[in-house]
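Here the structure is laid out as structure tokens; the discussion comes afterwards.
The values are calculated or read from the model by the stated rules, or taken from the named source; none is laboratory data. The structure displayed is predicted, hence computed values, not measured ones. Here Cβ is always computed from backbone atoms with ideal geometry, including for glycine, and neighbour counts include all displayed protein chains.
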Amino acid sequence: MPLIDLIDKLQQSLPSGTVLTGEPMARHTTFRVGGPADVMVLADSGADIQKTVALCREENYPFIILGNGSNVLVRDGGIRGCVILMGEGYSCVVPSGEDAVYAHAGARNNRFAETCMELGLAGCEFISGIPGTIGGAVFMNAGAYGSETSDIVKAVRALDREGNFLELTREEMGFSYRHSLAAEREMIILGAEFQLKKGNPAEIAARIADLNGRRRDRQPLEYPSAGSVFKRPLGHFAAKLIDDAGLKGARVGDAQVSEKHAGFIINRGAAAAADVLELIRRIQNIVFGMFGVRLETEVRILGEEALS
Ligand SMILES: Cc1cc2nc3c(=O)[nH]c(=O)nc-3n(C[C@H](O)[C@H](O)[C@H](O)COP(=O)(O)OP(=O)(O)OC[C@H]3O[C@@H](n4cnc5c(N)ncnc54)[C@H](O)[C@@H]3O)c2cc1C
């Protein structure tokens, strides 16, 4: 089926989502780089997601799911396929029991933490400063300050690649460091239920403010980035290795190793994905040459290289 027909079908059959074509991914990633996605669906409901997955499967058209694009690097040639973006409309956070809440995959972590604070529920303060969505946090098992998403997940609602509905317990999610069964099986997270503890809203708010203050002090939040580029290698810290290799401030075009936190690569304005990728390659080579440690990217690299 020609692409134009798929776009037509999506536009006619989605209950509430928006369909865009040739949409620059730089607008949808915190790195602010990346070429166009052939098709993008801003999904505002579970039905939008299910319908899009079903149509893409029917037409054998590739698709990927993104949240806030805060852990991805999209190459300059963009994405040949459909990007399903968890839109603002798919972001409810509601109580689901005395000490529990259910959140749609598109809920932003900071809004989620704020709602829990208002409900007097503690335990998710660490997630507030992670600039992604609940779907991305569950998929990546995002974590900070000694806690991980898996610590508070009770159950997850998802679709498998065939579009079948799944309900998984925390144990069934196979969480480990920045990893989950969802990532292994490329599941689509629809939402998750979280088990929290009763707490005092003012104390919870103070903890969130403290953690976010620490972030502002230590991370280059004034520049676009995708957070820590590399996974923590066993027995080491990526940022320390990069710093010890004298790479703080190293630059390819407008992509630069942050002076404030060597684990971050920042976009100083006009970086291309190719600049970031070249800087990643140089860091990996130099760190391996000096310390014999292979740095693996935590950031997910997607899409096609630009045609030269
Ligand atoms: C300034 C900064 C600070 C950061 N600090 C931290 C930190 O402290 N700890 C940490 O762990 N991370 C951190 N990150 C990285 C990032 O925010 C997290 O990995 C976050 O969980 C990604 O969520 P997202 O919604 O942006 O996912 P995206 O970047 O949109 O996607 C990431 C991956 O998850 C998949 N995905 C997203 N949503 C879904 C879904 N609903 N269903 C299926 N798959 C999905 C995507 O396909 C992709 O493979 C930071 C990033 C930045 C820019």
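Descriptive notes on the structure:
- Residue selected from segment 45-65 under the condition closer than 23 Å to Ala103 by Cβ and free of Cβ contacts under 8 Å to residues at least 60 places away in the same chain, by the criterion nearest to the ligand (Cβ to nearest atom): Phe63
- Filtered residues of segment 36-49 (kept if surrounded by 23 or more Cβ atoms within 10 Å (Cβ to Cβ) and either in a helix (DSSP H, G or I) or not aliphatic (A, V, I, L, M) (or both)): Asp48, Ile49
- Residue among Glu171, Glu193 that alone is away from the ligand (no atom under 12 Å from the Cβ) and more than 20 Å from the chain's Cα centre (by Cα): Glu171
- Taking the numbered list (1) more than 13 Å from the ligand (Cβ to nearest atom); (2) over 21 Å from Thr297 (Cβ atoms) in turn, Asp76 passes all entries but (2).
- Criterion violated by Asp151 - all others in (1) in contact (Cβ under 8 Å) with a residue 40 or more places away in the chain; (2) surrounded by fewer than 18 Cβ atoms within 10 Å (Cβ to Cβ); (3) within 22 Å of Arg214 (Cα to Cα) satisfied: (1)
- Pairs with Cβ under 9 Å, 6+ apart, first in segment 235-264 and more than 18 Å from Phe31 (Cα to Cα) and outside the structural domain of Asn285 (by TED's automatic domain parsing), second surrounded by fewer than 20 Cβ atoms within 10 Å (Cβ to Cβ) and of a type outside the set (Lys, Arg): none
- Look at (1) more than 29 Å from Lys51 (Cα to Cα); (2) more than 8 Å from the ligand (Cβ to nearest atom); (3) in a loop (DSSP other than H, G, I, E, B) and you find that Met117 fails only one, number (3).
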